[in-house]
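Below is one structure, written out as structure tokens; comments come after it.
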Amino acid sequence: MSWSLFDSGRVRSQIELENALRDESVLAYRQTVLTALLEVEDAMIAAAKEQERHRALVEAVAANRKAVDLSTTLYSAGEADFLNVLAAQRSLYSAEDALVQSTGTTSTQLIALYKALGGGWEAR
């Protein structure tokens, strides 16, 4: 083992450089972890909000189905005109359309959450 006694501070400079590089790597790692946690949090919030919206739409579809049944019954009994039945059906179809879209969005949000958590697709 040889050690140069008079190296004009070269070893000390190399040590300081390595320490600075290590510190830079630690900061980059911390930033990466914080970014990943933010992505997971955002994906969880988005998925939860869409699931809540989906539940509300399920209830809206059920309520609109009851409205269609009621308006049809009233029309059959001569208590209401057919425009009420059509309006109720239009509301039902709109709610069902929104529910189908929400189902797709819920799936997309859950996939985004899975990916943010580090999941991936396995090739078989």
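Answer with a single label: of (1) 1.85; (2) 1.07; (3) 2.26, which was calculated as Cα Rg over 2.2 N^0.38 Å from the structure in view?
(3)
If packing is taken as the average number of other Cβ atoms within 10 Å across a peptide's residues, how do 43-51, 70-78 rank, most packed first?
On the way: 43-51: 16.0, 70-78: 13.4.
Answer by packing, highest mean first, reads 43-51, 70-78.
222 nm [θ] for the chain, helices only, -39500 (n - 2.57) per DSSP H run of 4+, per residue, to 500? Could you put the intermediate results ahead of the total?
On the way: 2 runs with 102 residues, N = 124.
Dividing the helical sum by the residues of the chain leaves -31000 deg cm²/dmol.
Rounded, prolate or oblate for the stretch 40-79? Axes are the square roots of the Cα gyration tensor eigenvalues, ordered a ≥ b ≥ c, and the cut-off for rounded is a/c under 1.5. Walk me through the numbers on the way to the answer.
Values: a/c = 9.85, a/b = 8.56, b/c = 1.15.
Prolate shape, in that a/c is at least 1.5 and a/b is the bigger ratio.
Could you rank the peptides 104-113, 29-38 by their average count of other C-beta atoms within 10 Å per residue, with the highest value first? Kindly include the intermediate steps, with their values, before the conclusion.
Details: 104-113: 15.5, 29-38: 10.5.
Highest mean packing first, the order is 104-113, 29-38.
Using per-residue counts of other Cβ atoms within 10 Å, averaged over each peptide, order 16-22, 85-91 from highest down. Walk me through the numbers before you get to the answer.
Working: 16-22: 10.1, 85-91: 15.9.
Result, highest mean first: 85-91, 16-22.
Amide H to amide H, which residues 5 or more places from ALA80 or on other chains are under 5 Å from it, using H placed in the peptide plane?
Amide H to amide H, under 5 Å and 5 or more residues apart or across chains, ALA80 pairs with TYR75.
Expressed as a whole number of Å, what is the distance separating the alpha-carbon centroids of the stretch 89-112 and the stretch 69-86?
28
What angle do you read, to the nearest 10 degrees and between 0 and 90, between the alpha-carbon axis of helix 10-76 and the longest principal axis of the chain?
For helix 10-76, the angle is close to 0 degrees.
Explain nothing, just the number: dipole magnitude of the chain about its Cα centre with +1 on each Lys and Arg Cβ and -1 on each Asp and Glu Cβ, in debye rounded to the nearest 20. Spell out each step's value before the answer.
Numbers: 12 positive and 17 negative charges, 37 e Å.
So the magnitude is around 180 debye.
Every number in this text was worked out from the coordinates using simple rules, so none of it is lab data. None of these values were measured; they are calculated from a predicted model. Note that we place each Cβ from the backbone using ideal geometry, even for glycine, and neighbour counts take in every protein chain shown.
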